[in-house]
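Here's the structure we're looking at; comments come further down.
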Amino acid sequence: MTKRIERTNTLAFKRYIEHSEQSTYIEVPFQMPERVEEIHVSYQVESHGDEAKAVIDLGIRDAERVRGWSGGARQEFSIGLNQATPGYLPGRLAPGDWAILHNAYKVPAQGCTVTIEIEFTYKISRWLKGDLHTHSVHSDSTYTLEENAAMMESLGCDFIAMTDHNTNSQNLAYPRGTSVLMIPGTEFTTNYGHSNFLGVTNPMDDFRVSGISDVHEKFRVARERGAKIVLNHTHCDNCPWEWDFDVDYDWVEIWNGPWREHNRRALSWWQEQLVTGRRLVAVGGSDVHRPDSYVKHAMPCVWVWTDEKTVEGVLNGIAEGHVVITYSPDGPFATLQCGEYGIGDEVPYGHADHEVVVQLDDLIPGDRIRLYSERGLEEETSVDSEGGVTLMVNAMHRRFLRAEIWRNLDLAYGLSMAALTNPIYFASKEDTRSSNHEGYSMFQSV
């Protein structure tokens, strides 16, 4: 399984600066290529002659504005989609005319030579992992935002949504000094059910509702502002979704915290939705509030296949159904592949074959692999060794196929869900729907 692939190339420039250019600003132009996720710039200055060393300041501009300036304080910097070296602005790296900026502050009589290296890291599809349902001191959790981010970083996770109850103040205070992507979130919390609004800082102005018509209105406003809507722990014992399911939501949280009976009920309900032909994306979340022996960050962990580590990239990947859920950030893991099509994709009718490669990794003896279609449980296999297993499954005349891994976990006192995939779908002859998903390979290599 490809978890992270980086593809880079480097440009090098030399610029001789004459003494007469002292106290002027100099541009070294370059072309920003397509699909760049991050650039790293470094430079060195070589003085000529025996006089004092040259002092050449550093910065950069894009086609519209100066994107950063560090003067003589730094020899290198990086700019990414979400993060950048202090003094530089993160954000989209638009292709086109860019330039390295220099201030020739002090130039010896015999001049100097500046050597610049620019390394480009390109977007490439890979699995990103994180937690879509957490809480902080901005509502009823004991964790600060910084503690949540540090915990996720220590687990090797890529993203977190801090979905505090009926407030958005956490979205305005996200810590910046972390490699973890912060997805804005709010848990819309009512007396008859909870839902997460993801992707926007301020999805609603007032959380109070007195009936289903108010719920529809809150959903409408959140949707209008760009939020993705998740129905949370729909079948839990304490706060299930008791409103009408006929609301405008995107995804359903079928795995909330440790695997328990209410998750099993949500799983069965989701399977019923899939059997009816509905393509409903399943997600999970830890719902962590405080230190606990059972409820922990990124347990479960949501994996998303995407080509960029941005809020939009992660949410788009989920919307396309490219989602696997594991009981922890360490797996185990499962993927489904039919030719160029994978999890969340629709295999076109008339595809050469319906042979699906089911790849399962990080297994241990005693694990059980279960494959489901609209016909129910299609196959169950026990694992007798550690490592990976590859199954070849003929999905002819099936509408979808999905995989589960079950494991005996100490915390669960018995057999528990360890991983599950969203389905890969198969178009029927009668199916006139067109797929919006491009094919992709989960076994991509460079």
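The values are calculated or read from the model by the stated rules, or taken from the named source; none is laboratory data. These numbers were taken from a predicted model, which means no experiment stands behind them. Here the Cβ is made from the backbone with ideal geometry for all residues, glycine too, and neighbour counts use every protein chain on show. Heads up: the accessible areas ignore ligands, DNA and RNA and are worked out on the full protein's heavy atoms, side chains in. Shrake-Rupley method; radii C 1.70, N 1.55, O 1.52, S 1.80 Å.
Treating region 71-197 as a set of equal point scatterers at the Cα positions, no solvent, please give the Debye-formula log₁₀ I(q)/I(0) at q = 0.22 Å⁻¹. Debye intensities relative to I(0), on a log10 scale: -1.30.
Atom-type composition of the exposed protein surface of region 1-64 places 45 percent of the accessible area on carbon and sulfur (1.4 angstrom probe).
Remark: the Cα gyration tensor places region 354-414 in the oblate category, a/c being 1.5 or greater and a/b not exceeding b/c.
Computed with the Debye formula from one identical point scatterer per Cα of region 23-88, without solvent, the log10 of I(q)/I(0) at q = 0.15, 0.18, 0.20, 0.25 Å⁻¹ comes to -0.55, -0.76, -0.91, -1.29. Distances between placed amide hydrogens fall under 5 Å for LEU181 paired with PHE159, ILE160, all partners being 5 or more residues away or on another chain. Rolling a 1.4 Å probe across the protein heavy atoms gives region 1-154 an accessible surface of 50 Å² per residue.
Rounded to the nearest 10 degrees, the inclination of helix 212-224 to the longest alpha-carbon principal axis of the chain is 30 degrees. When a 1.4 Å probe is rolled over the protein heavy atoms, the share of accessible surface on region 301-409 that falls to carbon and sulfur comes to 44 percent.
Looking at region 189-239, the accessible area is 48 square angstrom per residue; that uses a 1.4 Å probe and ignores ligands, DNA and RNA.
Rounded to the nearest 10 degrees, the inclination of helix 261-275 to the longest alpha-carbon principal axis of the chain is 90 degrees.
An ellipsoid equivalent to the chain, defined through the eigenvalues of its Cα gyration tensor, has semi-axes of 46, 27, 20 Å when rounded to whole angstrom and sorted largest first. Charged neighbours of MET162, selected by a Cβ distance under 10 Å, balance to -3 (K, R count +1; D, E count -1). Among residues other than ASN148 whose Cβ falls under 13 Å from its Cβ, what is the net charge (Lys/Arg +1, Asp/Glu -1)? Charge balance in the 13 Å sphere: -4. Taking 0.36 nm per residue of separation and subtracting the Cα-Cα distance, full extension of the segment from TYR122 to ASN238 would add 37.2 nm. Placing R0 at 45 angstrom, the Cβ-Cβ distance between VAL357 and SER154 gives a FRET efficiency of 0.85 after rounding to 0.05. Taking every protein chain into account, the accessible area of region 259-333 amounts to 34 square angstrom per residue (probe 1.4 Å). Approximating the spin labels as points 7 Å out from Cα along Cα→Cβ, the ARG279-to-THR381 distance works out to 2.7 nm. Taken one residue at a time, the phi angles of region 312-327 give Karplus couplings (6.51, -1.76, 1.60, θ = phi - 60°) of 4, x, 5, 5, 5, x, 5, 4, 7, x, 7, 9, 10, 10, 10, 6 Hz. Gly and Pro are set to x. If you take the beta carbon distance between SER179 and ARG92 as r and set R0 to 22 Å, what does 1/(1 + (r/R0)^6) give as a FRET efficiency, to the nearest 0.05? For SER179 and ARG92, the calculated efficiency is 0.70.
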